[in-house]
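Asks: Dropping a structure here in C-alpha cells format, bear with me for questions.
Just so you know, all these numbers are worked out from the coordinates, no wet-lab data involved. Keep in mind the model is a prediction, meaning the values are calculated, not measured. Note that we place each Cβ from the backbone using ideal geometry, even for glycine, and neighbour counts take in every protein chain shown.
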Amino acid sequence: MSKALKVICNLHPPAGTVIPDSHRPSKVYEFKVPTADIESNSEFYNALREAVMQAKARIGADLTVWRDAVGMLENEKEPKKGQNEEDEDANEGEEES
C-alpha cells in the first residue's frame, strides 16, 4: 500500500497579476511516501520526512514564481513617499515655527 502527502494550495493573487507560464492559482500537490519495504516506525518517519522536504522545495519554488509575478505588479504602482521627502517635510514644519 502506498501512502502520500497531499497539499492543496489556493492562491488569490491581486487583480491584474500576470499568471506565470504553466502555473495556476489553485493546485494540488501529491508526494508519495513509499511504505512497501518499511519495517519500523523509524523507517516510516524517515520516508515521511523525505516527502515533506520534497514538498517544501517544490511548493517553495512555485510560490517564488508567484511572489515574483505579484512583485512585478507592485513595481508598477506609484512609488511610496521616500525618506528624503519625509525629512524635507519635517524640516519645513520646524522652520515655520
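Asks: When residues of the range 33-46 are filtered for being in contact with a strand residue (DSSP E or B) (Cβ under 9 Å, 6 or more places away or on another chain) and either loosely packed, with under 13 Cβ neighbours inside 10 Å or part of a loop (DSSP other than H, G, I, E, B) (or both), how many remain?
Replies: 2
Asks: Separate question: How about the range 1-27: which of its residues are among the charged types (D, E, K, R) and surrounded by fewer than 13 Cβ atoms within 10 Å (Cβ to Cβ)? Explain how you work it out, then say what you get.
Replies: As a first pass, look at the range 1-27 and keep what is among the charged types (D, E, K, R): 3, 6, 21, 24, 27.
If the condition is that a residue be among the charged types (D, E, K, R) and surrounded by fewer than 13 Cβ atoms within 10 Å (Cβ to Cβ), then Lys6, Asp21, Arg24 are the ones that fit.
Asks: Of the residues that sit in the range 16-37 and are among the hydrophobic types (A, V, I, L, M, F, W, C) and under 15 Å from Leu5 (Cβ atoms), which one is farthest from the chain's Cα centre (by Cα)? Even if it seems obvious, please write down each step before you answer.
Replies: To start, the set of residues in the range 16-37 that are among the hydrophobic types (A, V, I, L, M, F, W, C) comprises 18-19, 28, 31, 33, 36.
Checking which are under 15 Å from Leu5 (Cβ atoms) leaves us with 28, 31, 33.
Values: Val28: 15, Phe31: 18, Val33: 23 Å.
My answer is Val33.
Asks: Now for a different question. Just to be sure I understand, how many residues within the range 1-48 are in contact (Cβ under 8 Å) with a residue 24 or more places away in the chain, of a type in the set (Val, Ile, Thr) and farther than 30 Å from Glu74 by Cα?
Replies: Here the count works out to 2.
Asks: Can you confirm whether the range 46-60 contains a residue that is more than 14 Å from Lys3 (Cα to Cα) and in contact with a His (Cβ under 8 Å, 6 or more places away or on another chain)?
Replies: Within the range 46-60, not a single residue is more than 14 Å from Lys3 (Cα to Cα) and in contact with a His (Cβ under 8 Å, 6 or more places away or on another chain).
Asks: Can we say Ile59 is surrounded by 12 or more Cβ atoms within 10 Å (Cβ to Cβ), free of Cβ contacts under 8 Å to residues at least 12 places away in the same chain and at negative phi?
Replies: So Ile59 fails the test.
Asks: For Met53, which of the numbered conditions (1) part of a helix (DSSP H, G or I); (2) surrounded by 12 or more Cβ atoms within 10 Å (Cβ to Cβ) fails to hold?
Replies: With (1) part of a helix (DSSP H, G or I); (2) surrounded by 12 or more Cβ atoms within 10 Å (Cβ to Cβ) applied to Met53, the lone miss is (2).
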